[in-house]
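Novice: Quick one: the structure is below, and I'll ask about it shortly.
The values are calculated or read from the model by the stated rules, or taken from the named source; none is laboratory data. Please read these numbers as outputs of a predicted model, since none were measured by experiment. Methodologically, a virtual Cβ is constructed for each residue, glycine included, from the backbone with ideal geometry; neighbour enumeration extends over all protein chains shown. All accessible areas refer to the heavy atoms of the entire protein, side chains included, with ligands and DNA or RNA removed. Shrake-Rupley method; radii C 1.70, N 1.55, O 1.52, S 1.80 Å.
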Amino acid sequence: MTEDAQRQMQFLYALRSKGVTEARTLSAMERIDRALFVRGIFADRAYEDTPLPIACGQTISQPSVVGLMTQALAISPRDKVLEVGTGSGYQAAILSLLARRVYTVDRYKRLVAEARGVFDALKLTNITAFTADGSFGLPDQAPFDKIIVTAAAEDPPGPLLAQLRIGGIMVLPVGQSDTVQSLIRVNRTESGFEYDELRPVRFVPLVEGIGQD
Ligand code: SAH
């Protein structure tokens with residue numbers, strides 16, 4: 001077996017052992033090479049199940065958390081998805097293989113530009129990336145079947161709840177501090193919102209406004 005194939009097997013094994021078991025999610029994660037989204041000195045560690053630094057002081061999430069969030073969204077091929085927090089673009093790339101259309105926003109122009117470069121190289125033409133404050137969602141494109149937020153807020157932002165279609169699902173980390181957050185899933189029903197808590201996580205904070213870079 002080549003070294004690459006062996007690394008790939010270990011990567012998938014680590015995902016499964018941490019609860020990423022849904023076949024479509026695993027196959028999307030097998031097809032998107034995480035190394036393309038990690039630059040410089042950290043590229044060597046792309047296949048480790050750990051978050052890594054990216055530009056603008058942000059992080060690319062841990063692969064097992066990407067997988068767990070993806071499967072919690074229960075994406076169908078017809079879904080229109082909003083991601084808040086493009087970061088490296090890794091999560092958006094995985095979503096793009098599962099959904100019809102992915103909108104992703106980040107407050108840093110530089111991260112959006114770099115992520116677009118990778119989406120173009122991979123010919124992922126169903127992703128639209130914007131620089132915007134994602135706490136307001138994307139009213140022009142709403143409603144969304146699924147929403148994923150990859151930065152932590154104290155509570156689910158109201159505009160995002162409002163932009164979720166009835167029957168839709170939103171997955172996001174919430175918490176009062178940088179250290180204690182929990183990943184929650186929100187289901188929008190005819191009569192309101194149902195919340196369940198999935199697991200403890202640690203994400204960078206959701207910050208208001210557009211970044212300087
Ligand atoms: N999903 C990313 C990881 C994102 S890290 C990946 O796969 O690599 C969280 C990102 O959220 C950071 O890039 C940060 O700039 C962004 N962010 C924080 N607050 C935001 C806001 N209000 N609107 C949009 N993006 C925001």
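Novice: Take the conditions of a type in the set (A, V, I, L, M) and away from the ligand (no atom under 13 Å from the Cβ) and apply them to ALA72. Does it pass?
Specialist: yes
Novice: Taking VAL149 as the residue in question, decide whether it is touching a strand residue (DSSP E or B) at 6+ places or on another chain (Cβ under 7 Å) and within 12 Å of the ligand (Cβ to nearest atom).
Specialist: Yes: the conditions hold for VAL149.
Novice: Here's another thing I want to ask about it. Might you check whether a residue that is out of contact with any Leu (no Cβ under 8 Å at 6 or more places or on another chain), open to solvent by less than 10 Å² (accessible area, probe 1.4 Å) and farther than 26 Å from PRO157 by Cα occurs anywhere in segment 42-51?
Specialist: No, there is no match, as no residue in segment 42-51 is out of contact with any Leu (no Cβ under 8 Å at 6 or more places or on another chain), open to solvent by less than 10 Å² (accessible area, probe 1.4 Å) and farther than 26 Å from PRO157 by Cα.
Novice: In segment 75-119, which residues are of a type in the set (S, T, N, Q), within 10 Å of the ligand (Cβ to nearest atom) and in a helix (DSSP H, G or I)?
Specialist: GLN91
Novice: Can you tell me how many residues within segment 123-166 are of a type in the set (Ser, Thr, Tyr), open to solvent by 50 Å² or more (accessible area, probe 1.4 Å) and in a strand (DSSP E or B)?
Specialist: Residues that pass the stated criteria total 1.
Novice: Go through LYS109, LYS80 for me and flag whichever is in contact with a Gly (Cβ under 9 Å, 6 or more places away or on another chain), open to solvent by 10 Å² or more (accessible area, probe 1.4 Å) and in contact (Cβ under 8 Å) with a residue 40 or more places away in the chain.
Specialist: Result: LYS109 is the single residue among LYS109, LYS80 that is in contact with a Gly (Cβ under 9 Å, 6 or more places away or on another chain), open to solvent by 10 Å² or more (accessible area, probe 1.4 Å) and in contact (Cβ under 8 Å) with a residue 40 or more places away in the chain.
Novice: Does VAL174 fit the bill of being open to solvent by 10 Å² or more (accessible area, probe 1.4 Å) and either within 14 Å of the ligand (Cβ to nearest atom) or modelled with pLDDT under 95 (or both)?
Specialist: Judged against the criteria, VAL174 is a match.
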